[in-house]
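The values are calculated or read from the model by the stated rules, or taken from the named source; none is laboratory data. If you're wondering where the values come from, they're calculated on a predicted model, not measured in any experiment. Every residue, glycine among them, receives a Cβ derived from its backbone with ideal geometry; neighbour counts consider all protein chains shown. The area values use the complete protein model at the heavy-atom level, side chains included, leaving out ligands, DNA and RNA. Shrake-Rupley method; radii C 1.70, N 1.55, O 1.52, S 1.80 Å.
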Amino acid sequence: MRLVLKPALSRSWRDSETLQFGTVTRYAGVLGNADKTLCEFLELVDGTRDRPELLSAGERIGLGREPADTLLSELEETGLLDDAEATDRALSHFPRPHRDLLGPDLASLSLVHSGPGAAPAVLARRAETRIEVRGAGRVGAAVAAVLAAGGTGSVTVADSGRVQPADCSPAGLPPADVGRLRSTVARETVQRATGRPLVPVPRRKSDDPPPDFVVLAPRDGSAAFAGGTYEARLLLRAGVPHLYVGVVEEFGIIGPLVIPGRSACGHCLVLRREDEDAAWPRVLAQLADNGPGRARTPACDTALATAVAGLAALHVQVYLDGGRPPSVDGWCEISAGDGMPRRLRLRGHPDCGCLWQPLPPG
Ligand SMILES: [Zn+2]
(Lines give C-alpha, C1' and ligand atoms only; values in the text may rest on other atoms or scores of the structure.)
Protein backbone atom coordinates (compact mmCIF):
# COMPACT_ATOMS: atom_id res chain seq x y z
CA MET A 1 0.00 0.00 0.00
CA ARG A 2 1.49 3.33 -1.09
CA LEU A 3 0.02 6.00 1.17
CA VAL A 4 -1.11 9.37 -0.13
CA LEU A 5 -2.78 12.36 1.49
CA LYS A 6 -6.13 12.49 -0.28
CA PRO A 7 -5.63 14.80 -3.25
CA ALA A 8 -9.29 15.89 -2.95
CA LEU A 9 -8.59 17.79 0.25
CA SER A 10 -7.49 21.41 0.25
CA ARG A 11 -4.95 22.54 2.87
CA SER A 12 -5.17 25.80 4.78
CA TRP A 13 -3.66 27.28 7.95
CA ARG A 14 -6.12 27.97 10.78
CA ASP A 15 -3.27 29.72 12.65
CA SER A 16 0.55 29.61 12.50
CA GLU A 17 0.74 25.97 13.57
CA THR A 18 -2.65 24.38 12.87
CA LEU A 19 -3.24 22.88 9.47
CA GLN A 20 -6.77 22.20 8.17
CA PHE A 21 -7.45 19.55 5.50
CA GLY A 22 -10.70 20.16 3.62
CA THR A 23 -12.83 23.25 3.20
CA VAL A 24 -16.14 22.35 4.81
CA THR A 25 -15.32 22.93 8.48
CA ARG A 26 -17.78 20.30 9.72
CA TYR A 27 -15.90 17.56 7.85
CA ALA A 28 -12.39 19.02 7.92
CA GLY A 29 -9.43 17.23 9.52
CA VAL A 30 -7.23 19.43 11.72
CA LEU A 31 -3.58 18.83 12.55
CA GLY A 32 -1.89 20.78 15.37
CA ASN A 33 1.82 21.47 16.03
CA ALA A 34 2.47 21.48 12.31
CA ASP A 35 6.08 22.71 12.27
CA LYS A 36 8.49 22.79 9.33
CA THR A 37 9.68 19.19 9.78
CA LEU A 38 6.17 17.83 10.04
CA CYS A 39 5.15 19.73 6.89
CA GLU A 40 8.21 18.34 5.11
CA PHE A 41 7.08 14.84 6.11
CA LEU A 42 3.55 15.47 4.84
CA GLU A 43 5.02 16.35 1.44
CA LEU A 44 6.51 12.84 1.35
CA VAL A 45 3.09 11.21 1.78
CA ASP A 46 2.51 11.56 -1.94
CA GLY A 47 1.69 8.01 -3.05
CA THR A 48 5.24 7.01 -3.97
CA ARG A 49 6.12 5.28 -0.65
CA ASP A 50 4.70 2.51 1.54
CA ARG A 51 4.53 2.81 5.33
CA PRO A 52 8.00 1.35 6.13
CA GLU A 53 9.57 3.69 3.56
CA LEU A 54 7.73 6.65 5.08
CA LEU A 55 8.94 5.73 8.58
CA SER A 56 12.54 5.60 7.33
CA ALA A 57 12.04 8.96 5.62
CA GLY A 58 10.63 10.39 8.87
CA GLU A 59 13.76 9.31 10.68
CA ARG A 60 15.97 10.75 7.94
CA ILE A 61 14.43 14.22 8.03
CA GLY A 62 14.56 14.42 11.83
CA LEU A 63 10.91 13.77 12.69
CA GLY A 64 11.70 10.38 14.17
CA ARG A 65 10.32 6.93 13.34
CA GLU A 66 7.84 6.72 16.21
CA PRO A 67 6.34 10.21 15.79
CA ALA A 68 6.04 9.49 12.04
CA ASP A 69 4.20 6.26 12.82
CA THR A 70 1.84 8.03 15.25
CA LEU A 71 1.21 10.80 12.73
CA LEU A 72 0.36 8.31 9.96
CA SER A 73 -2.08 6.53 12.28
CA GLU A 74 -3.73 9.85 13.16
CA LEU A 75 -4.02 10.80 9.50
CA GLU A 76 -5.57 7.42 8.73
CA GLU A 77 -8.07 7.62 11.61
CA THR A 78 -9.10 11.10 10.49
CA GLY A 79 -9.80 9.76 6.99
CA LEU A 80 -7.08 11.77 5.30
CA LEU A 81 -5.12 8.90 3.71
CA ASP A 82 -5.72 6.84 0.60
CA ASP A 83 -3.86 4.03 -1.14
CA ALA A 84 -2.27 5.23 -4.39
CA GLU A 85 -1.61 1.65 -5.51
CA ALA A 86 -5.29 0.73 -5.22
CA THR A 87 -6.22 3.95 -7.02
CA ASP A 88 -3.99 3.05 -9.99
CA ARG A 89 -5.47 -0.46 -10.07
CA ALA A 90 -9.06 0.84 -10.02
CA LEU A 91 -8.42 3.35 -12.78
CA SER A 92 -6.78 0.66 -14.92
CA HIS A 93 -10.28 -0.80 -15.46
CA PHE A 94 -11.08 2.20 -17.65
CA PRO A 95 -9.54 3.07 -20.99
CA ARG A 96 -8.42 6.60 -21.70
CA PRO A 97 -9.92 9.19 -21.90
CA HIS A 98 -12.56 7.86 -19.47
CA ARG A 99 -9.82 7.23 -16.90
CA ASP A 100 -8.89 10.91 -16.95
CA LEU A 101 -12.54 12.02 -16.82
CA LEU A 102 -13.05 9.95 -13.65
CA GLY A 103 -10.44 11.87 -11.63
CA PRO A 104 -12.93 14.18 -9.87
CA ASP A 105 -15.41 11.30 -9.37
CA LEU A 106 -12.79 9.22 -7.62
CA ALA A 107 -11.74 12.26 -5.59
CA SER A 108 -15.37 12.62 -4.45
CA LEU A 109 -15.60 8.92 -3.62
CA SER A 110 -12.45 9.27 -1.48
CA LEU A 111 -14.30 11.76 0.72
CA VAL A 112 -17.42 9.60 1.03
CA HIS A 113 -15.58 6.31 1.66
CA SER A 114 -13.01 6.94 4.33
CA GLY A 115 -10.22 4.37 4.74
CA PRO A 116 -7.16 3.93 2.52
CA GLY A 117 -8.23 1.96 -0.57
CA ALA A 118 -11.97 2.21 0.19
CA ALA A 119 -12.82 4.59 -2.66
CA PRO A 120 -10.76 2.72 -5.28
CA ALA A 121 -12.55 -0.49 -4.21
CA VAL A 122 -15.91 1.19 -4.84
CA LEU A 123 -14.81 2.41 -8.27
CA ALA A 124 -13.48 -1.05 -9.17
CA ARG A 125 -16.89 -2.53 -8.23
CA ARG A 126 -18.67 0.03 -10.39
CA ALA A 127 -16.49 -1.06 -13.32
CA GLU A 128 -17.94 -4.59 -12.99
CA THR A 129 -21.57 -3.45 -12.67
CA ARG A 130 -24.21 -3.84 -15.40
CA ILE A 131 -27.19 -1.49 -15.41
CA GLU A 132 -30.13 -1.46 -17.82
CA VAL A 133 -32.15 1.71 -18.31
CA ARG A 134 -35.60 1.19 -19.82
CA GLY A 135 -36.70 4.31 -21.64
CA ALA A 136 -34.65 6.80 -23.69
CA GLY A 137 -36.61 9.99 -23.03
CA ARG A 138 -35.38 13.17 -21.38
CA VAL A 139 -34.93 11.39 -18.06
CA GLY A 140 -33.86 7.86 -19.06
CA ALA A 141 -31.14 8.80 -21.56
CA ALA A 142 -29.66 11.31 -19.12
CA VAL A 143 -29.67 8.78 -16.25
CA ALA A 144 -27.82 6.32 -18.50
CA ALA A 145 -25.22 8.88 -19.60
CA VAL A 146 -24.55 10.03 -16.03
CA LEU A 147 -24.20 6.46 -14.69
CA ALA A 148 -21.79 5.55 -17.49
CA ALA A 149 -19.75 8.70 -16.92
CA GLY A 150 -19.54 7.84 -13.21
CA GLY A 151 -17.81 4.54 -13.94
CA THR A 152 -20.57 1.94 -14.31
CA GLY A 153 -18.96 -0.70 -16.52
CA SER A 154 -21.96 -1.48 -18.71
CA VAL A 155 -25.01 0.73 -19.21
CA THR A 156 -27.52 -0.34 -21.83
CA VAL A 157 -30.65 1.56 -22.81
CA ALA A 158 -33.73 -0.28 -24.01
CA ASP A 159 -36.28 1.59 -26.10
CA SER A 160 -37.90 1.41 -29.52
CA GLY A 161 -38.92 3.84 -32.26
CA ARG A 162 -37.20 6.94 -33.48
CA VAL A 163 -35.99 10.03 -31.63
CA GLN A 164 -38.60 12.77 -31.34
CA PRO A 165 -37.85 16.39 -30.38
CA ALA A 166 -39.57 15.79 -27.02
CA ASP A 167 -36.94 13.11 -26.16
CA CYS A 168 -33.98 15.48 -26.45
CA SER A 169 -32.14 17.21 -23.63
CA PRO A 170 -28.64 18.61 -23.06
CA ALA A 171 -27.82 15.67 -20.75
CA GLY A 172 -29.36 13.00 -22.98
CA LEU A 173 -30.23 12.57 -26.66
CA PRO A 174 -29.01 15.44 -28.87
CA PRO A 175 -31.49 17.33 -31.10
CA ALA A 176 -29.30 16.65 -34.16
CA ASP A 177 -30.34 12.99 -33.92
CA VAL A 178 -34.10 13.51 -34.27
CA GLY A 179 -35.40 10.81 -36.61
CA ARG A 180 -32.66 8.22 -35.89
CA LEU A 181 -33.32 5.01 -33.93
CA ARG A 182 -33.65 5.73 -30.20
CA SER A 183 -31.68 2.61 -29.25
CA THR A 184 -28.73 3.62 -31.46
CA VAL A 185 -28.68 7.24 -30.35
CA ALA A 186 -28.99 6.25 -26.67
CA ARG A 187 -26.05 3.86 -27.04
CA GLU A 188 -23.98 6.63 -28.65
CA THR A 189 -24.97 9.06 -25.89
CA VAL A 190 -23.69 6.62 -23.28
CA GLN A 191 -20.45 6.05 -25.18
CA ARG A 192 -19.97 9.79 -25.71
CA ALA A 193 -20.35 10.38 -21.93
CA THR A 194 -17.33 8.15 -21.29
CA GLY A 195 -15.23 9.48 -24.15
CA ARG A 196 -15.32 6.09 -25.89
CA PRO A 197 -15.47 5.67 -29.66
CA LEU A 198 -18.98 5.29 -31.07
CA VAL A 199 -19.13 1.59 -31.96
CA PRO A 200 -21.98 -0.95 -32.14
CA VAL A 201 -22.24 -3.33 -29.17
CA PRO A 202 -23.51 -6.91 -29.27
CA ARG A 203 -27.26 -7.27 -28.65
CA ARG A 204 -28.29 -8.71 -25.33
CA LYS A 205 -29.11 -12.42 -25.64
CA SER A 206 -32.11 -13.97 -23.91
CA ASP A 207 -29.91 -16.33 -21.88
CA ASP A 208 -27.64 -13.54 -20.61
CA PRO A 209 -27.77 -13.14 -16.81
CA PRO A 210 -30.05 -10.33 -15.64
CA PRO A 211 -28.45 -6.92 -15.06
CA ASP A 212 -27.35 -5.92 -11.57
CA PHE A 213 -29.84 -3.06 -11.54
CA VAL A 214 -32.68 -1.76 -13.72
CA VAL A 215 -33.86 1.85 -14.01
CA LEU A 216 -37.49 2.08 -15.10
CA ALA A 217 -37.78 5.40 -16.91
CA PRO A 218 -40.39 5.18 -19.68
CA ARG A 219 -40.63 8.30 -21.81
CA ASP A 220 -44.15 9.18 -20.71
CA GLY A 221 -43.13 9.33 -17.06
CA SER A 222 -45.58 6.58 -16.18
CA ALA A 223 -42.93 4.71 -14.16
CA ALA A 224 -44.02 6.90 -11.28
CA PHE A 225 -47.41 5.19 -11.31
CA ALA A 226 -46.70 1.84 -12.88
CA GLY A 227 -45.66 -0.42 -9.99
CA GLY A 228 -47.24 -3.85 -10.06
CA THR A 229 -46.90 -4.32 -13.79
CA TYR A 230 -45.85 -7.63 -15.29
CA GLU A 231 -42.39 -6.12 -15.91
CA ALA A 232 -42.06 -5.09 -12.25
CA ARG A 233 -43.19 -8.52 -11.05
CA LEU A 234 -40.53 -10.18 -13.21
CA LEU A 235 -37.86 -7.96 -11.67
CA LEU A 236 -39.09 -8.77 -8.16
CA ARG A 237 -39.14 -12.47 -8.93
CA ALA A 238 -35.63 -12.36 -10.39
CA GLY A 239 -34.39 -10.41 -7.35
CA VAL A 240 -33.18 -7.50 -9.48
CA PRO A 241 -33.12 -4.18 -7.61
CA HIS A 242 -34.80 -1.39 -9.57
CA LEU A 243 -35.70 2.28 -9.43
CA TYR A 244 -38.77 4.05 -10.74
CA VAL A 245 -38.13 7.52 -12.14
CA GLY A 246 -40.03 9.95 -14.33
CA VAL A 247 -41.54 13.37 -14.88
CA VAL A 248 -45.31 13.65 -14.90
CA GLU A 249 -46.79 17.04 -15.65
CA GLU A 250 -44.82 19.46 -13.41
CA PHE A 251 -43.63 16.79 -10.97
CA GLY A 252 -40.43 14.81 -11.03
CA ILE A 253 -40.54 11.55 -9.11
CA ILE A 254 -37.58 9.44 -8.01
CA GLY A 255 -38.51 6.19 -6.30
CA PRO A 256 -39.20 3.87 -4.87
CA LEU A 257 -35.85 2.15 -5.22
CA VAL A 258 -36.88 -1.46 -4.71
CA ILE A 259 -34.63 -4.02 -3.06
CA PRO A 260 -36.67 -7.17 -3.71
CA GLY A 261 -37.96 -8.72 -0.49
CA ARG A 262 -36.29 -6.06 1.64
CA SER A 263 -38.03 -2.77 0.85
CA ALA A 264 -41.44 -1.53 -0.28
CA CYS A 265 -42.08 -2.02 -4.00
CA GLY A 266 -43.80 -0.05 -6.76
CA HIS A 267 -47.03 -1.94 -6.25
CA CYS A 268 -47.02 -0.88 -2.57
CA LEU A 269 -47.07 2.71 -3.84
CA VAL A 270 -49.91 1.99 -6.28
CA LEU A 271 -51.96 0.44 -3.45
CA ARG A 272 -51.25 3.41 -1.22
CA ARG A 273 -52.49 5.80 -3.92
CA GLU A 274 -55.62 3.68 -4.24
CA ASP A 275 -56.15 3.92 -0.47
CA GLU A 276 -55.96 7.70 -0.73
CA ASP A 277 -58.12 7.99 -3.87
CA ALA A 278 -60.53 5.20 -4.78
CA ALA A 279 -60.94 6.55 -8.33
CA TRP A 280 -57.20 6.43 -8.96
CA PRO A 281 -57.06 3.08 -10.89
CA ARG A 282 -59.82 4.30 -13.20
CA VAL A 283 -58.00 7.59 -13.85
CA LEU A 284 -54.70 5.75 -14.40
CA ALA A 285 -56.22 3.38 -16.97
CA GLN A 286 -57.27 6.33 -19.12
CA LEU A 287 -53.78 7.86 -19.08
CA ALA A 288 -52.07 4.82 -20.62
CA ASP A 289 -50.48 5.02 -24.08
CA ASN A 290 -53.21 5.88 -26.59
CA GLY A 291 -55.68 6.16 -23.69
CA PRO A 292 -58.51 8.66 -24.22
CA GLY A 293 -57.31 10.95 -21.41
CA ARG A 294 -53.67 11.19 -22.47
CA ALA A 295 -52.29 14.76 -22.66
CA ARG A 296 -51.82 16.03 -26.20
CA THR A 297 -48.52 17.67 -25.28
CA PRO A 298 -47.05 15.85 -22.25
CA ALA A 299 -45.20 18.33 -20.03
CA CYS A 300 -41.50 17.85 -19.25
CA ASP A 301 -39.43 20.82 -18.12
CA THR A 302 -35.81 20.37 -19.27
CA ALA A 303 -34.26 21.61 -16.03
CA LEU A 304 -36.62 19.43 -13.99
CA ALA A 305 -35.90 16.34 -16.12
CA THR A 306 -32.14 16.96 -15.78
CA ALA A 307 -32.39 17.38 -11.99
CA VAL A 308 -34.52 14.23 -11.72
CA ALA A 309 -32.07 12.26 -13.86
CA GLY A 310 -29.10 13.47 -11.79
CA LEU A 311 -30.79 12.62 -8.50
CA ALA A 312 -31.89 9.22 -9.81
CA ALA A 313 -28.35 8.38 -10.97
CA LEU A 314 -26.98 9.49 -7.60
CA HIS A 315 -29.45 7.25 -5.75
CA VAL A 316 -28.48 4.27 -7.93
CA GLN A 317 -24.79 4.90 -7.27
CA VAL A 318 -25.30 5.34 -3.52
CA TYR A 319 -27.22 2.05 -3.39
CA LEU A 320 -24.76 0.08 -5.51
CA ASP A 321 -21.82 1.56 -3.57
CA GLY A 322 -23.27 0.12 -0.35
CA GLY A 323 -25.41 3.00 0.99
CA ARG A 324 -29.15 3.46 1.50
CA PRO A 325 -30.57 6.35 -0.56
CA PRO A 326 -33.83 8.07 0.52
CA SER A 327 -35.76 6.43 -2.33
CA VAL A 328 -35.55 3.09 -0.46
CA ASP A 329 -38.84 2.72 1.47
CA GLY A 330 -39.77 6.14 0.14
CA TRP A 331 -39.73 8.37 -2.88
CA CYS A 332 -38.62 11.91 -3.70
CA GLU A 333 -40.63 14.52 -5.53
CA ILE A 334 -39.47 17.76 -7.12
CA SER A 335 -41.90 20.32 -8.48
CA ALA A 336 -41.06 22.56 -11.44
CA GLY A 337 -43.02 25.20 -9.53
CA ASP A 338 -40.61 25.63 -6.62
CA GLY A 339 -37.63 23.31 -7.24
CA MET A 340 -37.83 22.02 -3.67
CA PRO A 341 -37.07 18.30 -3.29
CA ARG A 342 -39.28 16.47 -0.77
CA ARG A 343 -38.95 12.96 0.55
CA LEU A 344 -42.06 10.89 1.30
CA ARG A 345 -42.05 7.68 3.30
CA LEU A 346 -43.39 4.43 1.85
CA ARG A 347 -44.22 1.41 3.97
CA GLY A 348 -44.74 -2.08 2.60
CA HIS A 349 -48.48 -2.30 1.88
CA PRO A 350 -50.22 -5.14 3.75
CA ASP A 351 -52.10 -6.19 0.58
CA CYS A 352 -49.00 -6.31 -1.62
CA GLY A 353 -47.15 -9.29 -0.25
CA CYS A 354 -43.72 -8.24 -1.54
CA LEU A 355 -42.37 -8.22 2.01
CA TRP A 356 -44.22 -11.27 3.30
CA GLN A 357 -41.91 -13.68 4.99
CA PRO A 358 -42.49 -17.44 4.83
CA LEU A 359 -43.88 -18.88 8.08
CA PRO A 360 -41.22 -20.54 10.23
CA PRO A 361 -41.39 -24.34 10.06
CA GLY A 362 -43.60 -26.06 12.66
ZN1 LIG B 1 -44.97 -4.27 -2.53
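Please state the relative contact order of segment 226-362 as a whole percent: Cα pairs under 8 Å, 6+ residues apart?
31 percent
State, as an integer percentage, the relative contact order of the chain based on alpha-carbon contacts under 8 Å between residues 6 or more apart.
Reported as a whole number, the value is 12 percent.
Treating segment 50-118 as a set of equal point scatterers at the Cα positions, no solvent, please give the Debye-formula log₁₀ I(q)/I(0) at q = 0.23, 0.25 Å⁻¹.
Those come out to -0.95, -1.03, one per q.
Provide the solvent-accessible area of Asp329, counting protein heavy atoms only and rolling a 1.4 Å probe, rounded to the nearest 10 Å².
Taking all protein chains as shown, Asp329 has close to 40 Å².
Mind giving me the nanometre distance, one decimal, between the label points for Trp280 and Thr302, set 7 Å out from Cα along Cα→Cβ?
Taking the simple label geometry, Trp280 and Thr302 are separated by 3.4 nm.
What is the magnitude of the charge dipole of the chain about its Cα centre, with +1 placed on the Cβ of each Lys and Arg, -1 on the Cβ of each Asp and Glu, and no other charges, expressed in debye to the nearest 20?
Around 1300 debye, computed over the chain.
Using modelled backbone amide H atoms (1.01 Å from N, in-plane), which distant-in-sequence or interchain residues come within less than 5 Å of Val258's amide H?
His242, Leu243, Tyr244
As a test question: what accessible area, to the nearest 10 Å², does Ile253 have when a 1.4 Å probe is rolled over all protein chains in place?
Surface accessible to solvent at Ile253 totals approximately 10 Å².
Of all DSSP beta bridges in segment 129-345, what percent run antiparallel (nearest 5)?
50 percent
Computed on alpha carbon atoms, what radius of gyration and Dmax characterise segment 129-345, expressed in Å?
16.4, 51
Shape call for segment 143-219 from the C-alpha gyration tensor, a ≥ b ≥ c root eigenvalues: rounded (a/c under 1.5), prolate (a/b greater than b/c) or oblate?
Prolate is the answer for segment 143-219, as a/c is 1.5 or above and a/b outweighs b/c.
Let me check something: with ligands and nucleic acids excluded, how do Leu123, Leu111 order by accessible area (1.4 Å probe), largest to smallest?
Leu111, Leu123
Going by amide H atoms built from the backbone, whose H comes under 5 Å of the H on Gly137, apart from near neighbours?
Arg219
Debye sum, Cα scatterers, segment 105-164, no solvent: what log₁₀ I/I(0) at q = 0.18 1/Å?
-0.66
If you count only protein heavy atoms with a 1.4 Å probe, what accessible area per residue comes out for segment 156-257, rounded to a whole Å²?
So segment 156-257 comes to 49 Å² accessible per residue, rounded to a whole number.
Once you order the gyration tensor axes a ≥ b ≥ c over the Cα atoms, which shape class does the chain get: rounded for a/c under 1.5, otherwise prolate or oblate by comparing a/b with b/c?
Note, shape of the chain comes out prolate.
Given only helices, namely DSSP H runs of n ≥ 4 each adding -39500 (n - 2.57), what is the per-residue ellipticity at 222 nm of the chain, to the nearest 500 deg cm²/dmol?
Helix contribution divided over all residues of the chain: -11000 deg cm²/dmol.
Can you pull the accessible area of Ser154 for me, 1.4 Å probe, Å² to the nearest 10?
We get 40 Å² for Ser154.
Radius of gyration and Dmax for segment 247-301's Cα atoms, expressed in Å?
Just the Cα atoms of segment 247-301 yield Rg and Dmax of 13.4, 39 Å.
Please list 3J(HN,Hα) in residue order for segment 207-216, calculated via the Karplus relation 6.51 cos²θ - 1.76 cosθ + 1.60 where θ = phi - 60°; whole Hz, with x for glycine and proline.
Those phi angles translate into 9, 5, x, x, x, 6, 7, 10, 9, 9 Hz.
With the Cα gyration tensor of segment 2-94 giving a ≥ b ≥ c as the square roots of its eigenvalues, does the rule (a/c under 1.5 for rounded; else a/b larger than b/c for prolate; else oblate) give rounded, prolate or oblate?
oblate
What order do Trp331, Trp356 take when sorted by accessible area (1.4 Å probe), most exposed first?
Descending accessible area places them as Trp356, Trp331.
May I ask you to evaluate 6.51 cos²θ - 1.76 cosθ + 1.60, the Karplus curve with θ = phi - 60°, for each residue of segment 59-70 and list the ³J(HN,Hα) values in order in whole Hz, giving x for glycine and proline?
Karplus values, whole Hz, x for Gly and Pro: 5, 5, 8, x, 7, x, 5, 5, x, 5, 5, 4.
Can you tell me which of Thr78, Thr18, Thr229 moves the most in a GNM of the chain? Springs connect C-alpha atoms under 10 Å apart.
Thr18
Note down the relative contact order for segment 2-94 as a percent, whole number, built from C-alpha pairs under 8 angstrom at least six residues apart.
Over segment 2-94, the number comes to 33 percent.
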